Amino acid sequence: TCHSKGGEKEDVPLATYEHLAPFLKVNAVAVTGDWVKVEEPISTSKLTQSTHAHLLSFAVLFSLTGLIFACSSYPSSVRCALGPWVVVAVFADVSLWWLARLSDEWGPLFARGVIVTGGLAGLGLALQITLSLFNMYGAKGKVVIALLFLLGGAVGGLVIQSQIKPALDAKALAKQPEVKAPEGKQPDAKEAKTDTGKDEPKGKKDEPKGKGVALHRPIHDFD
Amino acid sequence: TLRELPLPVKVVASVFLMAVGLGYTSAMVQ
């Protein structure tokens, strides 16, 4: 509408590949070792929703696991340290999301911190659960808990082998191919030429050509 | 302490702990 004849920008025609070519150049960026923003982060409203969900659900759940652990018979120093550990880690985790988002200068550092706080939360939760369970029962109960853990480990291992690993492999494979695809897109230029002769659309005549054009996978997630 | 709790309470607490563990693990895997 804008760049064809009679349009507001008819002085900048974009009808053929040659017309478009000057705008397709990608400026080379020197490798500096600094952080480079490669994709837009999620919107602030989505981050707010996620923060709300995490603080509401995880804080309640992890407070309860901490409370159960606090009622165990381990030394009070261990209970004082590990009881609130997970909740504190989750609060730190969510705080770092926002710090990473809001601070341009230190953002990447805070983003790396998210991995640490997430790991601490996971580790603390695993300790709280296993130590509480084993502290709760006598010898027989401990054997049952151990068997349940073994069973869970076996099922988890099976799921990893049969479901998760193949899915990850397929995902990795899907990301690799057809990077050259946009280069071979000459049909677009042809179609553009025919359209510019006259402004009238040639709908049905163009359809068979379109069917022959292969669909391309996105080069990366942002595409 | 946890050991002195009645058995039904222990079972509920155990199921809760295991459910939290499983839920957290599956959320992380996803």
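Read-outs throughout are calculated quantities, based only on the coordinates presented, and are distinct from any laboratory measurement. From a predicted model like this one, the values you see are computed outputs, not experimental measurements. Quick reminder, even Gly has a Cβ in these numbers, built from the backbone with ideal geometry, and neighbours come from all protein chains shown.
What to note about this one:
- Two-site FRET efficiency, A:ASP104 against A:THR16, from Cβ-Cβ distance with R₀ of 41 Å, rounded to 0.05: 0.50
- Trypsin sites (Lys or Arg not before Pro) lying in DSSP loop within the stretch A:29-135, provided at most 14 other Cβ fall within 10 Å: A:LYS37
- Cut-off 10 Å between beta-carbons: net charge of the residues surrounding A:ASN135, Lys and Arg +1, Asp and Glu -1: +2
- Least to most buried among A:ASP104, A:ASP34 (fewest other Cβ within 10 Å first): A:ASP34, A:ASP104
- Annotation: peptides A:24-32, A:5-13, ranked by per-residue average of other Cβ atoms within 10 Å with the highest first, follow the order A:5-13, A:24-32.
- FRET efficiency for A:LEU158 and A:SER4, using Cβ-Cβ distance with R0 set to 45 Å, rounded to 0.05: 0.15
- Remark: mean inter-chain Cβ contacts per residue of B:19-27 equal 5, using a 10 Å Cβ-Cβ cutoff to other protein chain atoms.
- Per residue of A:61-74, other chain Cβ atoms within 10 Å of the residue Cβ number 3 on average.
- Here, P(r) means the percent of Cα pairs in each 5 Å bin from 0 to the largest distance; for the stretch A:15-115 it is 2, 10, 14, 14, 12, 10, 9, 8, 6, 5, 3, 2, 2, 2, 1, 0.
- Per the Debye formula on identical point scatterers at the alpha carbon atoms of the stretch A:101-156, with no solvent, log10 I(q)/I(0) at q = 0.24 Å⁻¹ is -0.94.
- FRET efficiency estimate (nearest 0.05) - Cβ-Cβ, A:ALA174 to B:GLU4, R0 35 angstrom: 0.05
- Number of partner chain Cβ atoms within 10 Å, mean per residue of A:159-167: 1
- Cα-centred dipole magnitude for the stretch A:33-124, charges only on beta-carbon of K, R (+1) and D, E (-1), debye, nearest 20: 340
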